[in-house]
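So the structure is just underneath, and the comments pick up after that.
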Amino acid sequence: MRRIFDVQLIGPFAALVIVAAIVALTTERFLNPGNLSNLSLQVSIVALIAIGSTIVIFAAGIDLSSGSMVALLTMILAQMLKFAGIPLALAVPLILLAGGLFGLILGMITAYGRIPSFITTLAALIAFRGLALTFNNGSPIFSLDPQLEPIFYGKVAGIPLPFFYLVFFYICAALMMNFTRLGREIYAVGGNPAAAKLTGINVRKVQTKTFVIAGFMTAVGAILMSARLNSGSPNYGQTLELQAIAAAVVGGASLAGGRGNILATLMGAMTIVIVQNGLNLNAAPSSVQNIVLGLIILLAVGIDMWRSELSETLGAFFNRKSSKRPV
């Protein structure tokens, strides 16, 4: 348990508490039960997609395609339910399979084609959005299936179902990263791919697997997005990839790879969504929200890059303080 709940959670948790306190002080509506319930639903999609984004980052990669993949998958799901007559019980597994397949393609291009993941997923970001526009002449598809909405809005013992999705997938991800061979290999590949290769790890295979996981988790997010709105649209998922990456970075994952805690990503996602919720409650325009999101990413990456310098500075400061104390 110490390996899961380690010191890497302290910083993201502190950031979450501080942000929540600031938002609560700026608007009384933040602590309204209705707003908190809506907040828990909003964070679910971002947090679930962030699992895949974080695992890719652990392996020193980056995934910029998740937002556009959500749009494409919602349109495929809508096409199957609305026009192809495929039942929901079959359509959902097919979407999960499609997400994993898209991730497999991106992973193989990146790992075996030796194309940087930034370029691969940037191209996919554009291509997936373009493919989504080819369905239904680029128009959204509404009223898909009455059984779809309960997947997102349903409750068990008064608790929204997305809460159980978060618990299940984050426990699975935490166990995988801390107690399985694949998890250790992902950290090793992200930390030093050359050294990992010398120890017998198939670096390309591991990198490909991280993108398969990311594609699968993006498919989960796409299903929840369609269930939330009972529709599919080529416009869904915009900036979602940035929110997922921001959640990972705010959670302490290093963009250089090899370091981070998957549970901290959940706290990072909650922090991002609370900031956006606070801006919405204070009637901030969307332009301001995008600026704030960009600044959060910049600050979080800066802290990661300057981690050693900050540690040395703080260490020297506290050493001077302790040396001045009377004996």
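The values are calculated or read from the model by the stated rules, or taken from the named source; none is laboratory data. All values derive from a computational prediction rather than experimental measurement. No Cβ is skipped: glycine too gets one built from the backbone with ideal geometry, and neighbour counts run over all protein chains shown. When the accessible area is computed, the model is the full protein with side chains, heavy atoms only, and any ligands, DNA or RNA have been set aside. Shrake-Rupley method; radii C 1.70, N 1.55, O 1.52, S 1.80 Å.
Using a Gaussian network model of the chain whose springs link C-alpha atoms within less than 10 Å, name the residue from V56, V249, V189 with the highest mean-square fluctuation.
Comparing V56, V249, V189 in a Gaussian network model of the chain, the most mobile one is V189.
Keeping the other protein chains in place, figure out the carbon and sulfur percent of the accessible area of the range 90-191, with a 1.4 Å probe. Mind showing how you got there, number by number?
On the way: 4070 of 5500 Å².
Of the solvent-accessible surface of the range 90-191, carbon and sulfur hold 74 percent.
Springs between alpha-carbon atoms under 10 Å, Gaussian network over the chain: tell me which of A219, A60, A91 tops the mean-square fluctuations.
Looking only at A219, A60, A91, the biggest GNM fluctuation is shown by A91.
Which whole-number percent is the relative contact order of the chain (Cα, under 8 Å, 6+ apart)? Before the final figure, lay out the partial values.
Working: 523 pairs, mean separation 110.5, N = 327.
Normalised by residue count, the contact order of the chain is 34 percent.
Let me check I've understood the local charge: for M69, count other residues with C-beta under 13 angstrom from its C-beta, Lys and Arg +1, Asp and Glu -1. What total comes out?
Working: positive: R129; negative: D63, E241.
Summing Lys/Arg as +1 and Asp/Glu as -1 gives -1.
Could you tell me which of P160, A195, C172 has its Cα farthest along the dipole of the range 149-206 towards the positive end, charges placed at Cβ (Lys, Arg +1; Asp, Glu -1), taken about the Cα centre?
Among P160, A195, C172, the one farthest towards the positive end of the dipole of the range 149-206 is A195.
Output wanted: per-residue J couplings in Hz (rounded whole) for the range 183-200, from phi through Karplus 6.51 cos²θ - 1.76 cosθ + 1.60, θ = phi - 60°, x for Gly and Pro.
After applying 6.51 cos²θ - 1.76 cosθ + 1.60, I find x, 5, 5, 4, 4, 5, 5, x, x, 7, x, 5, 5, 4, 5, 5, 7, x Hz.
Using each residue's phi in the range 223-230, evaluate 6.51 cos²θ - 1.76 cosθ + 1.60 at θ = phi - 60° and report the 3J(HN,Hα) Karplus result to the nearest Hz, with x for Gly and Pro.
Each residue of the range 223-230 in turn: 4, 5, 5, 5, 5, 5, 10, 6 Hz.
Based on the Cβ-Cβ distance of L299 and T180, what FRET efficiency does E = 1/(1 + (r/R0)^6) give at R0 = 41 Å, to the nearest 0.05?
Numbers: r = 33 Å, r/R0 = 0.80.
Efficiency at R0 = 41 Å is approximately 0.80.
For a quick check, take a GNM of the chain with Cα springs below 10 Å and name the residue from G200, G61, G258 with the largest mean-square fluctuation.
Most flexible of the set in this elastic network: G200.
Please report the accessible area of I119 (heavy atoms, 1.4 Å probe, ligands and nucleic acids excluded) in Å², nearest 10.
90 Å²
Roll a 1.4 Å probe over the protein chains and send me the accessible area per residue for the range 180-250 in Å². Write down the numbers at each step before the final one.
Working: 2680 Å² over 71 residues.
Per residue, the range 180-250 has an accessible area of 38 Å².
Taking the Cα centre of each part, how many Å lie between the range 209-265 and the range 20-67?
Cα centres, the range 209-265 to the range 20-67: 10 Å.
How far, in nm, would the chain grow between L281 and C172 when pulled straight, counting 0.36 nm per residue and subtracting the alpha carbon separation? It would help to have the intermediate numbers written out before the result.
Working: separation 109, 0.36 × 109 = 39.24 nm, distance 3.39 nm.
Using 0.36 nm per residue and subtracting the Cα-Cα distance, I get 35.8 nm.
Going by amide H atoms built from the backbone, whose H comes under 5 Å of the H on L64, apart from near neighbours?
Residues meeting the criterion, in which the H sits 1.01 Å from N, are T121, L122.
Using only the alpha carbons of the range 131-171, what is the convex hull's orientation-averaged projected area in square nanometres?
Computing the convex hull of the Cα atoms and averaging its projections yields 4.5 nm².
Given labels modelled 7 Å from the Cα in the Cβ direction, how far is it in nm from Q238 to R29?
2.2 nm
Roughly how big is the chain's charge dipole about its Cα centre, with Cβ charges of +1 (Lys, Arg) and -1 (Asp, Glu), in debye to the nearest 20?
Working: 20 positive and 10 negative charges, 176 e Å.
Charge dipole of the chain: 840 debye, to the nearest 20.
Taking only Cα atoms, what is the 0 to 90° angle, nearest 10, from helix 161-179's long axis to the longest principal axis of the chain?
50 degrees
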